[in-house]
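Below is one structure, written out as C-alpha cells; the observations come after it.
The values are calculated or read from the model by the stated rules, or taken from the named source; none is laboratory data. All values derive from a computational prediction rather than experimental measurement. Here the Cβ positions follow ideal geometry from the backbone for every residue, glycine too, while neighbour counts run over all protein chains shown. The area values use the complete protein model at the heavy-atom level, side chains included, leaving out ligands, DNA and RNA. Shrake-Rupley method; radii C 1.70, N 1.55, O 1.52, S 1.80 Å.
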Amino acid sequence: MMKQKLDINKMVPVISLVVILVVFAVLTQGNMFSAFNLKTLVDQTVILLIMCSGAIFVITLGCSDLSVGVVSAMCALVSDIVFQTTGNVFLMIVVAVAIGLGFGALNGVINAKFKVPSFMETLAILIGLRGIINFIQSKVGVSHAGTAVMMLQKQYVKLPILIAILLVSWYLLERSSFGRNAKAIGENEIVAKYVGKSVDRTKILCFMLSGLTAAIAGFFIIARSGGTSTTMGTMFEMRTLIAIYVGGVLVRGGATATTYKVIIGCFVVTIIENGLKIMGFGSSEVSELVEGILLMVILFITIRAENYQKKTVKRVKAVRVK
C-alpha cells in the first residue's frame, strides 16, 4: 500500500506532462505533433535543459540561482569577443568556462562563507552583470557567430552534447556521494553539518556546476540567435526556476530534487510556450500567466501528496508500535 502511494507521489510530474500534451493536442488540432513542430520543440528545449541540469544542484540545497541567465550572457559575450579577436576556438571555450565557474564560485562563497541568502546575492549579480553586458555591447556592437559556434545548431552536434550533460548531471545527483550530500543539506543543513557533511564545499561546488552549465548554454544561445545582443539570456533565470519547480521539485530541494523531474519540467514549459504560439497567443504575457497558474497547481498537488504520504507513514508506524 505504501509503495503505491509513493509511486503516485512520484508520478505527479509525469501525469502533468501527459495532461498538458493531451490538452494542447486537442486545442491545436494535432498540429502540436507535426514532425516540424516536434523538431522545433526539441530545439527550443535544449538551452533550458542545459541550464537546468546545473541549476538543479543549487535548488537541491534549498537555494536559488537568479544569475544563470546573465552569467550565460556574459560568458557568451566575452568568449565571442575573444574569438573575434584571436580566431582561437579553444581559447574561446576556456574563457567561457572560466567565467562561468568563476561566477559560480563567487555565488557559492558568498552564500556558504558569508551566509548571504542566495536569492539576494544572485539577484545582485543579475542586476550588476546586466549593466556591464549592456555597456560592453554598446562599445563592441553586435557581432555574428563564427562557423564553429553555428555548428551547435546541427542536430547531430547538439543532441549528443545535451545527452552527455544530462547523463553527467544524473550521475552526480542520483548516484554520487556529492549528490547525496547536496540532498542532505537541502533536507536539513544543520543535521548534515553535524553528521560530518562538507556543507560549505558542497554548496560552492553546486553553484559552480550551475555556472558551468550556464557557460555551456551561452554557446547555444549565440548559435540560435546568430550572434550577440543586449537581450542574451534575458528571463532565462525565471524560466529555469519555473521549469524545475513545475517538474515537481519543491523550493526546499532535498530529496524532491531528481533529474527526471527537471527534464519533464523543461518540456512542460516549452510545450506551453509552443502550444500557445500555435494557437495564436504568442505574447510572453499569456504564456507567463499560464505557466504561473500551472506552477501553483502542480506545486499544490505535489505538496499535498507529500504531506498525505508523511501522515500515512506516521499512522503505519503508530500501528506497528501498538
Just to compare against my own numbers: the Cα pair-distance distribution for the range 37-91, 5 Å bins, whole % per bin, please. 4, 16, 16, 16, 17, 17, 10, 3, 0
Residues in the range 210-225 that a label on Phe119 would reach, taking backbone N under 14 Å of a point 7 Å out along Cα→Cβ: none
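Test of understanding: what is the full-extension gain from Thr40 to Leu21, defined as 0.36 nm times their sequence separation minus their Cα-Cα distance?
Details: separation 19, 0.36 × 19 = 6.84 nm, distance 1.52 nm.
Between Thr40 and Leu21, full extension yields an extra 5.3 nm.
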Using a simple spin-label model with points 7 Å from Cα along the Cα→Cβ vector, what separation in nm is obtained for Phe90 and Thr230? 3.7 nm
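What is the sum of charges, Lys and Arg at +1 and Asp and Glu at -1, for the other residues whose Cβ falls under 12 Å from the Cβ of Glu237?
Working: positive: Arg130, Arg239; negative: Asp65.
Residues near Glu237 contribute +1 overall.
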Calculate, for the chain, the solvent-accessible area per residue in square angstrom, rolling a 1.4 angstrom probe over the heavy atoms of the protein chains. 48 Å²
List the extent of the Cα atoms of the chain along each of their three principal axes, largest first, rounded to whole Å. 75, 54, 33
Could you work out the equivalent-ellipsoid semi-axes for the range 190-259, taking the square root of 5 times each eigenvalue of the Cα gyration tensor, largest first, in whole Å? 31, 16, 9
³J(HN,Hα) computed for each position of the range 206-221 - Karplus, 6.51 cos²θ - 1.76 cosθ + 1.60, integer Hz, glycine/proline x: 5, 5, 5, 4, 5, x, 5, 5, 5, 5, 5, 4, x, 5, 5, 5
FRET efficiency, 1/(1 + (r/R0)^6) with R0 45 Å, evaluated for Tyr194 and Gln155 via beta carbons: 0.35
Over all pairs of distinct alpha carbons, what does the Kirkwood formula give as the hydrodynamic radius of the range 69-142, in Å? 13.1 Å
Against the longest principal axis of the chain, how steep is helix 259-278, in degrees 0 to 90 to the nearest 10, with axes from Cα atoms? 60 degrees
Cut-off 16 Å (backbone N to label point 7 Å along Cα→Cβ of Ile81), residues of the range 203-233: 228-232
Just to confirm the number: angle between the C-alpha axis of helix 2-27 and the first principal axis of the chain, 0 to 90 degrees, nearest 10? 50 degrees
Computed FRET value (nearest 0.05) for Ser176 with Ile293, which takes r as the C-beta separation and R₀ as 35 Å: 0.45
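So, with +1 on the Cβ of K and R and -1 on the Cβ of D and E, and no other charges, what is the size of the charge dipole of the chain about its Cα centre, to the nearest 20 debye?
Working: 30 positive and 15 negative charges, 325 e Å.
Rounded to the nearest 20 debye, it is 1560 debye.
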With no solvent and one equal point scatterer placed on each C-alpha of the range 6-81, evaluate the Debye formula and give log10 I(q)/I(0) for q = 0.23 Å⁻¹, two decimals. -1.08
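Translational diffusion coefficient, Stokes-Einstein: compute it for the range 173-322 using the Kirkwood radius over C-alpha pairs as Rh, at 20 °C and 1.002 mPa s, and state it as an integer in µm² s⁻¹. Walk me through the numbers before you get to the answer.
Working: Rh = 18.1 Å.
For the chosen part, D equals 119 µm²/s.
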Working from Cα positions, state the angle (0 to 90°, nearest 10) between the long axis of helix 284-321 and the longest principal axis of the chain. 30 degrees
Show me the three semi-axes of the equivalent ellipsoid for the range 240-308, from the C-alpha gyration tensor (sqrt of 5 times each eigenvalue), largest first, rounded to whole Å. 24, 12, 9
Taking a quarter of the surface of the Cα convex hull of the range 1-160, what do you get in nm²? 14.1 nm²
Cα-Cα P(r), the range 96-195, percent of pairs per 5 Å interval: 2, 9, 10, 15, 17, 17, 14, 9, 5, 2, 1
